[in-house]
Structure formats: C-alpha cells, structure tokens
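The values are calculated or read from the model by the stated rules, or taken from the named source; none is laboratory data. A quick note: this is a predicted structure, and the numbers were derived from the prediction, not measured. All Cβ positions, glycine included, derive from the backbone under ideal geometry; neighbour counts span all protein chains shown. All accessible areas refer to the heavy atoms of the entire protein, side chains included, with ligands and DNA or RNA removed. Shrake-Rupley method; radii C 1.70, N 1.55, O 1.52, S 1.80 Å.
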Amino acid sequence: MNLEKNLPLKKIAVLTSGGDSPGMNAAIRSVVRSGVTQGLEVLGINHGYLGLLKKMSTPLQLRSVSNILQRGGTILKAGRCLDFLQEDHRKAAAQFLKTAGVEGLIVIGGDGSYRGALALGKEHQIPVVGVPGTIDNDIHGTEMTIGFDTAVNTALEAIDRIRDTAASLDRLFIVEVMGRESGHIAVEVGLAGGAEAILIPENPIPVEEIVQQIQRGIQRGKTSSILVAAEGQKPGRTYDLAEQIRKKSGFEAKVCILGHIQRGGSPTATDRNLASRMGAAAVQVLLQGKANLMISQQSHQIVMSSLEVASKGKRAVDKDLIKLAQVLAN
Ligand code: F6P
C-alpha cells in the first residue's frame, strides 16, 4: 500500500548496510522473489546508504538473485555511511527514491542502519522496514539476527582445531572473536567450545580472577586451556591481556584472533532459512501498508517488532551462560 495515496504498492527498494553478514544474500533473494511474485518491482541499492546518495542502484528480477542463496557477503555490497547522519544528505536520498518511484525501503542491517532508516522515514514519509542482519546478534526485539549462527559455527570450528594443538602441547590459548560492543558471539562460542573463561565487554573480569581460574584448572589436572574473548572496542586487545596474564602469573598464553573470518563464508541452513523467512515477511509488511517495523524472531516465530526500539542500545547477553560455561569447564 502506498501510504500517501492509499494505492496498491508498485515498487520497493532493498539495501544492505553496516558490516556484512552471512545470509544477507538469502534475505535479498527472498525480498526480490517474494516481491516480484506479488507484482512488485524491486530496486537494489548498492553500497548501503551511500548508494542512495550516489544514485547507485540496480533493478532486480527473479533471475538477478539466482545462485546467491549459498554465498556469503552481499551482492548489493554494504557499508557504513557517515554522511547519512546529516539531514541534507537524507533529503537527497529521499528525493532519489521518490524520483525512482520507490514507495517502501527494506534495510537489512543492524541498529545503526535502523537509526538512518527511521530518520529517513520520519523526515520524508518513506515507509521503512528493518531486517536484522549482523553477526553480533545484539539487536533489541529479536532473539536471532541473520549471520550470527554462521559466525558462531565458523569460530567454533576454529576453536575445536585450536584445542587439538593446545592439548598436544599443554598450552593456554586466548581466542579473540568479533563483537565490538557485545559479547553474544563470545558467549555462544565459549559455551559450545568448552572455554575455561569467557571475557566480554559487558562483564569485565579482573586479570587476577582470570589467573585464578587458570590456576584452579591446573589444580584439577588440566594441562591446556582455552579462553574466549570478545574483541571489544580494540580488536587485538587480547595481546595486551596475554601480556597482563604473563606478568601476573608467568603463564604464556598464545593468542589467536579470528577477526573478519567470522563475517565470511557460506551461511548455515539456520541463517539461510531465517533470512528467507524474514525477507518475505518484510515485503509483506510493506504490502500491508505498515512501516517503522523490524522483522524479528521471537520464540522461533517470525513476528514484527518496533524499529525504534531496535535502533536503541544493545540487547544484553545472558550472563548465566558464562557461569554455566565455567562450571562445565571444571
Ligand atoms: O558487523 C559487526 C562487526 O563485525 C563487529 O562484530 C565488529 O566488531 C565490527 O563489525 C568490525 O567492523 P569493521 O569490519 O568495520 O572493522
């Protein structure tokens, strides 16, 4: 539904914004195929919000999204566009969309991308719908974001491999995973990978306590240990942590930084299906004349939640899982 004129919707646009995440292509495919099947034209915006400012777009048909379901990254390309924080740039973006005949915009990305979408929607009456695409899984209103499951499994595979060599050489490892402001990946991977400690920005642990945890493990007969740390604001911070541990205890910790490896790769079945369901639901929301909503997963169901709420702050991690990982690593 075209909100202003109360006419059936004819054309929508889709973009991917922020850091890419595995499964974004599956979401684009779902938006395009469910949209076109229901009589819509779908315009792909390239390079996230920058594409709106630079007028970079591609009309997408059924065959434009062939063979992308299994591919990581995003065929539309993504990006963080600081210019979009400025009102005059958003005005130009809205002008571009309106001239192109676009009556609804689907934004696949994280909370920062939603702030831009909401501002665009409010200032220029463009219906916007969010689809949660980020490996961080830290968005309010949804229990799962597209890309998280793949990133966790990628990191887990690495940890399993590291455990082989750690056990063979009786070593202590600290594995750094992604997550600038949130530790969801670290917690999930730490629990699944049997980490002796999980270190995340939301739950700082003094070095002395980390050392005590390692020592307790040794007393119980452990000859090797793996700690999982979220990168926090300073990717590579784990080297500092290893140095602090060495100074306090004399333990030599090997550091492995997984970094952007976690953002790539073929999405898992869970991510592909989540993306497929969410992409189709986003189109449905626009066809129903609704706006300012995010497609979310709650109790395994695909539902709608507030885009405003999703744009604010970060969803908290379950700190009980950290304690559980600690108990199970005994
Ligand atoms: O997209 C989320 C994320 O991967 C975070 O986990 C990470 O901290 C950050 O992006 C890295 O961003 P960039 O790729 O811009 O270095």
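In contact (Cβ under 8 Å) with a residue 40 or more places away in the chain, away from the ligand (no atom under 14 Å from the Cβ) and open to solvent by less than 90 Å² (accessible area, probe 1.4 Å): is that true of SER249 in this structure? Don't jump to the end; show me each part of the working.
Details: in contact (Cβ under 8 Å) with a residue 40 or more places away in the chain: no; away from the ligand (no atom under 14 Å from the Cβ): yes; open to solvent by less than 90 Å² (accessible area, probe 1.4 Å): yes.
No: the conditions fail for SER249.
Name the residues in the stretch 257-282 that are within 13 Å of the ligand (Cβ to nearest atom), open to solvent by 60 Å² or more (accessible area, probe 1.4 Å) and part of a helix (DSSP H, G or I), would you?
Scanning the stretch 257-282 gives HIS260, ILE261.
Among the residues of the stretch 283-298, count how many are over 17 Å from the mean Cα position of the chain (by Cα) and open to solvent by 50 Å² or more (accessible area, probe 1.4 Å).
Taking the stretch 283-298 as the starting set, the residues that turn out to be over 17 Å from the mean Cα position of the chain (by Cα) are 283-293.
Now restrict to residues that are open to solvent by 50 Å² or more (accessible area, probe 1.4 Å): 284, 288, 290, 292.
Of the residues in that region, 4 qualify.
I'd like to check something: does the stretch 12-31 contain any residue that is open to solvent by 40 Å² or more (accessible area, probe 1.4 Å) and in a helix (DSSP H, G or I)?
The answer is yes, given that some residue of the stretch 12-31 is open to solvent by 40 Å² or more (accessible area, probe 1.4 Å) and in a helix (DSSP H, G or I).
If I filter the stretch 75-92 for residues that are assigned by TED's automatic domain parsing to the domain that holds GLY130, away from the ligand (no atom under 16 Å from the Cβ), at pLDDT 95 or above and open to solvent by less than 10 Å² (accessible area, probe 1.4 Å), do I get at least one hit?
For the stretch 75-92, residues assigned by TED's automatic domain parsing to the domain that holds GLY130, away from the ligand (no atom under 16 Å from the Cβ), at pLDDT 95 or above and open to solvent by less than 10 Å² (accessible area, probe 1.4 Å): absent.
Out of GLU188, GLU157, GLU202, I need the residue that is more than 16 Å from the ligand (Cβ to nearest atom) and either part of a loop (DSSP other than H, G, I, E, B) or open to solvent by 10 Å² or more (accessible area, probe 1.4 Å) (or both). Which one? Walk me through it before giving the result.
Numbers: GLU188 fails: more than 16 Å from the ligand (Cβ to nearest atom); GLU202 fails: more than 16 Å from the ligand (Cβ to nearest atom).
Unique residue meeting the criteria: GLU157.
Can you work out which of the residues in the stretch 214-236 that are crowded, with 17+ Cβ neighbours inside 10 Å and not in a loop (DSSP other than H, G, I, E, B) is nearest to the ligand (Cβ to nearest atom)?
Here the residue is ALA230.
Working only within the stretch 160-185, note down all residues that are farther than 18 Å from TYR239 by Cα, open to solvent by 10 Å² or more (accessible area, probe 1.4 Å) and within 16 Å of the ligand (Cβ to nearest atom).
Matches in the stretch 160-185: GLU181, HIS184.
Would you confirm whether any residue within the stretch 182-196 is at pLDDT below 95 and in the same structural domain as ASP164 (by TED's automatic domain parsing)?
The initial filter retains those residues of the stretch 182-196 that are at pLDDT below 95, namely 182, 196.
Subset that is in the same structural domain as ASP164 (by TED's automatic domain parsing): 182, 196.
Yes; the residues of the stretch 182-196 include at least one that is at pLDDT below 95 and in the same structural domain as ASP164 (by TED's automatic domain parsing).
Do you know which residues across the stretch 93-119 are without any contact (Cβ under 8 Å) to a residue 60 or more places away in the chain and either surrounded by 15 or more Cβ atoms within 10 Å (Cβ to Cβ) or on the phi > 0 side of the Ramachandran plot (or both)?
Of the residues in the stretch 93-119, the ones without any contact (Cβ under 8 Å) to a residue 60 or more places away in the chain are 93-96, 98-99, 119.
Of everything in the stretch 93-119, those that are without any contact (Cβ under 8 Å) to a residue 60 or more places away in the chain and either surrounded by 15 or more Cβ atoms within 10 Å (Cβ to Cβ) or on the phi > 0 side of the Ramachandran plot (or both) turn out to be ALA93, ALA94, PHE96, ALA119.
Report yes if some residue within the stretch 118-128 is aliphatic (A, V, I, L, M), away from the ligand (no atom under 16 Å from the Cβ) and not assigned by TED's automatic domain parsing to the domain that holds TYR49; otherwise report no.
So in the stretch 118-128, the residues aliphatic (A, V, I, L, M) come out as 118-120, 126, 128.
Retained after the next criterion (residues that are away from the ligand (no atom under 16 Å from the Cβ)): 118-120, 126, 128.
Cutting the leftovers down to not assigned by TED's automatic domain parsing to the domain that holds TYR49 gives us none.
Among the residues of the stretch 118-128, not one is aliphatic (A, V, I, L, M), away from the ligand (no atom under 16 Å from the Cβ) and not assigned by TED's automatic domain parsing to the domain that holds TYR49, which makes the answer no.
Can you pull out every residue in the stretch 288-298 that is among the aliphatic types (A, V, I, L, M) and part of a strand (DSSP E or B)? If you could, list the steps in order and put the result at the bottom.
Residues of the stretch 288-298 that are among the aliphatic types (A, V, I, L, M), as a first pass: 291, 293-295.
Correct list: LEU293, MET294, ILE295.
If you go through the stretch 299-318 one residue at a time, how many are open to solvent by less than 20 Å² (accessible area, probe 1.4 Å) and assigned to a helix (DSSP H, G or I)?
Number of matching residues: 2.
Quick check: is even one residue across the stretch 40-55 open to solvent by less than 40 Å² (accessible area, probe 1.4 Å), under 24 Å from GLY289 (Cβ atoms) and assigned to a loop (DSSP other than H, G, I, E, B)?
yes
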